[in-house]
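I have placed the structure first, in the form of structure tokens, so that the comments after it can refer back to it.
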Amino acid sequence: MQKSFWKTPVGIAIWIMLLAIILGGGLIALNVFGHQYPVIESFYAHPVVVSSGEASNISWSVIGAEKVLIHPGVGEVDLKGSVRVEPNETTEYSIAALNGTENRSMTLKIMVHRP
């Protein structure tokens with residue numbers, strides 16, 4: 001009885017390559033056709049402690065998002081940038097990176113020192 005081609009080393013190698021192509025193509029299709037998770041690369045304030053009436057700069061960088069929001073008081077922003085804020089009291093700011101149903105968020109706090 002003759003051995004099946006698919007049970008030889010060459011046949012097994014072909015099966016492995018086909019399986020890799022099918023699985024790899026499925027993963028690529030998920031990234032291309034599905035929503036990717038947005039990534040918040042950075043979200044920080046400088047300085048993080050200010051005196052009453054002073055300003056702080058909030059900076060951020062996001063990739064893979066359709067919309068980026070910063071609250072409170074800032075609203076919709078670009079994927080990368082910075083904004084000057086003047087909190088009257090210690091305030092927690094949050095950034096939300098939205099991409100379809102896949103969302104990410106992060107918070108930071110700017111503390112107001114009152115002498």
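Taking label points 7 Å from Cα along the Cα-to-Cβ direction, Ala20 and Ile63 give a separation of 2.5 nm.
From the helices alone, meaning DSSP H stretches of at least four residues, give me the mean residue ellipticity at 222 nm for the chain, per-run term -39500 (n - 2.57), in deg cm²/dmol to the nearest 500.
Numbers: 1 runs with 25 residues, N = 115.
Calculated at 222 nm, the ellipticity per residue is -7500 deg cm²/dmol.
Of the peptides 92-100, 43-51, the ranking by mean beta-carbon count within 10 Å, highest at the top, reads 92-100, 43-51. If you take the alpha carbon atoms of the chain and fit the smallest convex hull around them, that volume is 128 Å³ per residue. Using C-alpha pairs under 8 Å with a sequence gap of at least 6, the mean separation divided by the residue count of the chain gives a relative contact order of 26 percent.
Computed from the coordinates by the stated procedures, all read-outs in this text should not be read as laboratory data. Please read all numbers here as calculations on a predicted model, not as lab measurements. No Cβ is skipped: glycine too gets one built from the backbone with ideal geometry, and neighbour counts run over all protein chains shown.
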